[in-house]
1. Using mean Cβ contacts within 10 Å as the protection proxy, how do 501-514, 370-383 order, highest first?
2. Taking amide hydrogens as modeled 1.01 Å from N in the peptide plane, which residues meet the under 5 Å criterion relative to CYS101, leaving out close sequence neighbours?
3. Quick one: net charge around GLY40, please, counting Lys, Arg +1 and Asp, Glu -1 for every other residue with C-beta under 12 Å from its C-beta.
4. Rounded to a whole number, what % of the accessible area of the range 356-397 do carbon and sulfur atoms account for, probe 1.4 Å?
5. Arrange the peptides 147-155, 161-169 so that the one whose residues have, on average, the most other Cβ atoms within 10 Å appears first.
6. For the range 128-206 and the range 482-524, write down the distance between their C-alpha centroids in whole Å.
7. List the pairs from LYS155/LYS429; LYS167/LYS429; LYS106/LYS445 whose alpha-carbon separation is above 26 Å, in the order I gave them.
8. With a 1.4 Å probe and all protein chains in place, put PHE27, PHE114 in order of accessible area, largest first.
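The values are calculated or read from the model by the stated rules, or taken from the named source; none is laboratory data. Owing to the predicted nature of the structure, the values given are computational and were not obtained by experimental measurement. Every residue, glycine as well, gets a Cβ built from its backbone with ideal geometry; the counts of neighbours run over all protein chains shown. Note: accessible area is taken over every heavy atom of the protein model, side chains too, but ligands, DNA and RNA are not part of it. Shrake-Rupley method; radii C 1.70, N 1.55, O 1.52, S 1.80 Å.
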Amino acid sequence: MNKLTHSLLLCVAVLFIGCTEDEVPIFGDVYGTISNSETGEPVRNAEVILSPNNMSTVSGSDGHFEFRQLEAKQYTISVSADGYESNSRQITIIPGQSVSCDIRLKPQAVVEIFDINPLTLNFGTTQTQMAVTVTNDSKKDAQWSLDLGQNTWLKASPIAGQISAGKSQTIVFYANRANLSEETSGIVTFSALGGSSSLTANCSPSKQVSSIMEVTPLDIDFGDQSTEQIFRIKNKSNALLNWTIFGLESDALSVSDTSGTIQAGNAKVISIKLDRSKVQANNLVTSFMVSDGTNDQQINVNVGSHESNVSNTDPDNTDQPDNQEAMGRLELPQDYIDFGLNDSVRPFTIKNVGDASVEWEITDVQDDIFTFSPDSGTLEAGNETEIQVAIDRDGLPAGADESAFAISDGVNKYIVTIQFMEPEYTDGKIKLLTSTLDFGTEAAKLDLKVENVGTTYLSWTISDIPDYITCYPTYKQGMKSIAITPIELNRATMPEAVDTFIIITNDYNPSDTHKVRITATKEG
C-alpha cells in the first residue's frame, strides 16, 4: 500500500468517527398563551410578532402560539388583537431549551377609541342627507360596520369599511320620506374592534307631500240576489296613503277592512258583503265614506228586492216546496294565489257544490298583468275545473306585491287575492363576514355574520346542519346590511373532533351559495 492510499483511508476513518458523536444544540424554541387580562379567557387570532427576525404568527382557538428553531439571543414578542390594547415581552433564547412566554391583553372599549360626530341625526321635514365623521383614535387599522336596524326609510354609504389608525372617515346618511306618514326615530349601531356605539336618527314627513286617493266604483248595486261586491282604493301619489272607512250604518253590510295603509302607486281591493236576512225592507239604499284624512269619497249602495223560496220564519225549511228550482253554487277551496318570486303560472280550482250547472266568469281584475285560461265557462253540478292564472312579470308595477280579482256566478262574487314579489328583491348578494367558526375546546355559541352587498333585499337559508349544531333562525329576510345569526354547538352530543361545513344559500339566486366551516374539539 503506497503512502497516498494510506493517507486517504486514514481521513475517511476520522470523518466516520466524528459523525457518530452527539451534535451540540445551537437553537431554541419559545411558546406561550395569549389571554384576556380581565377574564383569563384565551384570545384567538391575535397577531404575534417576533423581532428582530420579523417573524409572525396568530394564536389558535386556545390562545396558543410558538416559534421554533430560533438562534440563541434576546428577542421581543409583540401581540395585538381586535378589541385589545397591544402588549409585548422580552425573552432570551437558550440553546436546546423551550422558553415559556404567556402574554395577557387588556380589553379596549370601542367608545374610547372611536370619536363619532355627531351622535344624533335630525333630518326634520326637509333634509335628505346628513354626514357623520368617524375618527379612529386607536393605534391600529380597524374594520367597522353599520346596522341600520328596522329603519327602512334610512340608507347609508358606505355601510362598512376600514379606518386607518389616526384617520377619519365620513359616512353619509340618506332619508327617504316616500313611506313616512309620521315623525319617526330610530337607532343605528356602529360596530368596531369588538364593541359598538349607538347613533339616533330622526325624520319627519315633508309638509309639501300629500296623498291622492281614488275610489272606484262609487256606486255599488247588489241587485236582487248578490251577497258580495268589491271596490278599489288606489294611491295615485308619491306618498303613503292612510285610509279609513266610516259611516257604515246598516248592520246588513260589512267590509273586509275598515282601515289601512297603501304604498305609493299601489291599490287595495275591499270586499263588501251583504247579509240579506238583515235587510228589513224589500229595498235598501244606503252609503258610507272612505277618507284619507283630507278628502272623503262617498260610496252609494243599492240592494234590490229579493223574493226567497225559503221562509225567513222557518229555519228548518218545513215549508219549502218540493219543486224548488235547482241551483248551482260555486265554492273556492282557497281564496288566494301566491306567485312568490319566480312562478309565472299558477293553477286555481273552483267547484260547483250546487245541484245544477252554473255559468261563471272572471271579473274585476285589479291589474292587467294577469291573464286567465279559461276566463269563463259552464260548470256542471258536482264538478270542478282548474283555471291557469298567468302573471306578466315584466309589467309588475313598482312597489306592488298584491293584487286581486273576482269570480262571478251571476249571483255572487268571490274575491281572490294574488300575492307576488318584485324582481328588485332579487338583487341581494351574500358576503360572508365569518367564513370559519372555530369553537375550540370550550366555546358553545358563536355568531355567523352575513353582509348583503347587493342593491336591495336579501333572503337566505342555512342548510346541511348537523344534529349537534343549532342555527336560529335558519333563514333571514329583508336584510339590507349586516345580519348576525347565533350558531350553537351541543358539546354533549358532538363528535370528539368537529370539522364540517354548513351551507348558506341565496333563496332567489341558488348560484350565490357559500360554505361556512365549523371546527371544534372536546376538551382534554
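1. Details: 501-514: 15.9, 370-383: 14.1.
So the order, starting with the most tightly packed, is 501-514, 370-383.
2. TYR31, GLY32, THR33
3. Working: positive: ARG104; negative: GLU38, GLU41, ASP102, GLU442.
Counting the neighbours of GLY40, the net charge comes to -3.
4. On the way: 830 of 2230 Å².
Accessible surface attributable to carbon and sulfur in the range 356-397 totals 37 percent.
5. On the way: 147-155: 16.9, 161-169: 13.4.
Put in order of decreasing packing, that is 147-155, 161-169.
6. The two parts, judged by their Cα centres, are 30 Å apart.
7. On the way: LYS155/LYS429 17 Å; LYS167/LYS429 30 Å; LYS106/LYS445 23 Å.
Beyond 26 Å: LYS167/LYS429.
8. Details: PHE27 80, PHE114 15 Å².
Output order, biggest surface exposure first: PHE27, PHE114.
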